[in-house]
Amino acid sequence: MDWIYGIHAVQAMLKSAPQRVVEIHVQSGRRDDRLQKIRNLAEQHGVVIQPIALKKLDAKVSGRHQGVAALCAPGETYDESFLLTLAEQQGANSFFVMLDGVTDPHNLGACLRSADAAGVHAIIVPKDNSVGLTPVVQKVACGAAESVPLVTVTNLTRTLDSLQQLGIWAVGAAGDSEQSLYDLSLTGPIVLVMGAEGDGMRKLTAKQCDFLARLPMAGEVESLNVSVATGVCLFEIVRQRGLNQ
């Protein structure tokens, strides 16, 4: 079991998966409105709330807990079989993100949040050399970790090939590409492929993509943080899809 912490993360868990919440610890003496909403949700779902001293709550988690932490059972895990079934169900509307080795939990959490806002159906990550759904990821995601499936696969290039067999175009973000993202048509079924922090996409992953494109950079900085770049790319896809409707 994991301790999920932070007001938004705990509230989102109570709304989307209350059956996973075993108990909630709230800082003794805290009576503000935001924590009262959590108390109300917990009461609705029969979840026990325990008051706890600040020092003890600090010892339970490694980040900023905002006075609340929830002990939660593990969530559902998703694999390639789930992904391909989902892709078949979504058909021409398929919209996925693949992260090639993102290891920073803050980046994964931010990508999940952007993916939820953009209407992405799932995020795909490799089993190795990638961060999973840690408590930090779930806190940064602000509830998106419960709404966007995180699919772990053994081989990214094989998964890309399987998606491409279903008619889904793989568009990879690569800073050295000659083609701009804004020159592409992004209205069809898409899996957006983003590289890891620092090293970017691996060569095999990039080779498997149908298109590679870059974000134009006008300043001295060579690249954006992966979670920022993911958000920019996602909402260009959203913009184009909206214009096409």
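Residue 63 satisfies every condition listed in (1) free of Cβ contacts under 8 Å to residues at least 40 places away in the same chain; (2) surrounded by fewer than 20 Cβ atoms within 10 Å (Cβ to Cβ); (3) outside the structural domain of residue 172 (by TED's automatic domain parsing) except (1). Report, ordered by the first and then the second residue, all pairs with beta carbons closer than 9 Å, sequence separation of six or more or different chains, a first member in segment 134-153 that is modelled with pLDDT of 85 or more, and a second member that is in a strand (DSSP E or B) and surrounded by fewer than 21 Cβ atoms within 10 Å (Cβ to Cβ). Pairs that qualify, where the first residue is modelled with pLDDT of 85 or more and the partner is in a strand (DSSP E or B) and surrounded by fewer than 21 Cβ atoms within 10 Å (Cβ to Cβ), are 149/78; 150/78; 151/78; 152/78; 152/126; 153/126. For segment 77-105, the set of residues classified as of a type in the set (A, V, I, L, M), buried (at least 17 other Cβ atoms within 10 Å of the Cβ) and not in a strand (DSSP E or B) consists of 83, 87, 102, listed by residue number. So is residue 102 outside the structural domain of residue 195 (by TED's automatic domain parsing) and in contact with an Asp or Glu (Cβ under 9 Å, 6 or more places away or on another chain) or not? Here the answer is no, as residue 102 does not meet what is asked. Evaluate segment 48-70: report whether one residue or more is β-branched (Val, Ile, Thr), over 30 Å from residue 96 (Cα atoms) and in contact with a Ser or Thr (Cβ under 8 Å, 6 or more places away or on another chain). The answer is yes; a qualifying residue exists. Residue check: residue 182 meets all listed conditions (1) in a strand (DSSP E or B); (2) over 18 Å from the mean Cα position of the chain (by Cα) but one, namely (1).
Taking the listed residues 147, 130, the one that is in the same structural domain as residue 235 (by TED's automatic domain parsing), out of contact with any Pro (no Cβ under 8 Å at 6 or more places or on another chain) and surrounded by 18 or more Cβ atoms within 10 Å (Cβ to Cβ) is 130, with no other qualifying. I'd like to check something: does segment 224-237 contain any residue that is acidic (Asp, Glu), out of contact with any Asp or Glu (no Cβ under 8 Å at 6 or more places or on another chain) and surrounded by fewer than 16 Cβ atoms within 10 Å (Cβ to Cβ)? Scanning segment 224-237, I find no residue that is acidic (Asp, Glu), out of contact with any Asp or Glu (no Cβ under 8 Å at 6 or more places or on another chain) and surrounded by fewer than 16 Cβ atoms within 10 Å (Cβ to Cβ), so the answer is no.
Among the residues of segment 209-221, those that are surrounded by 20 or more Cβ atoms within 10 Å (Cβ to Cβ) and in contact with a Leu (Cβ under 9 Å, 6 or more places away or on another chain) comprise 209, 213.
Any residue in segment 56-72 that is of a type in the set (Gly, Ala, Ser) and closer than 16 Å to residue 148 by Cβ? No, segment 56-72 contains no residue that is of a type in the set (Gly, Ala, Ser) and closer than 16 Å to residue 148 by Cβ.
The values are calculated or read from the model by the stated rules, or taken from the named source; none is laboratory data. All figures in this text were calculated on a predicted structure; none of them were measured in a lab. Cβ atoms come from the backbone with ideal geometry, glycine included; neighbour counts cover every protein chain shown.
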